[in-house]
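First the structure, then my questions, so here it is.
None of the figures in this text is laboratory data; all of them are computed from the coordinates on show. Predicted model only: the values in this text are computed from it and were never measured. A quick note on method: Cβ atoms are made from the backbone with ideal geometry, for glycine too, and the neighbour counts reach across all protein chains shown.
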Amino acid sequence: MARKSSLPILSDCFDTAPRSASLSDHRITSAIFVFVVIAGLALAHIHLRFAINDLRVQHRELQGDYQDLVRRQQAIQLQNERLADTDTLIAMARSRGMERVAPSMAEPRALPGDLAAKYSSSDGSVVAGLAPVLDTAGASVKDVLIKLVETRSASAAGTKD
């Protein structure tokens, strides 16, 4: 005989907890924020790649310009050295019709008489018509210092207006 076993009777279960929505506001804002950050980093990476490439190109161009300038400087220095050579200078002077004059044959340039009289006195030390501000001939150091202080104080007093 087969024995019938009675199964326990299941009671009604209480309601299960509601499932949380998979796309809540918090998850959406977090995903958008992460997307914006990743997109910004990707754009920055691309920009930096182009900037680095541009800097490399500019660096190569500047190195080429630098080498050109160094060559030009060396060429100019070489030209200056050639011009400073005595034989070259003599040849250039001859080609322009110049000739060497002995120092005894050279005519010194003279200052016109009226200018010479205007800017020199009989002893040749002071401009004509002006008295020396500080005459130190035969004076002691103490006298020179006293005159210097008097001259400065007089000129300072004269400028106050």
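To the nearest 0.05, what FRET efficiency results for ARG100 and GLN77 with a Förster distance of 35 Å applied to their C-beta separation?
Calculated transfer efficiency: 0.80.
Output ³J(HN,Hα) for region 61-66: one whole-Hz value per residue in order, computed from phi by the Karplus curve 6.51 cos²θ - 1.76 cosθ + 1.60 with θ = phi - 60°, and x for Gly and Pro.
5, 5, 5, x, 4, 4
While we're on this one: How large is the Kirkwood hydrodynamic radius of region 26-91, counting all unique pairs of alpha carbons, in Å?
17.0
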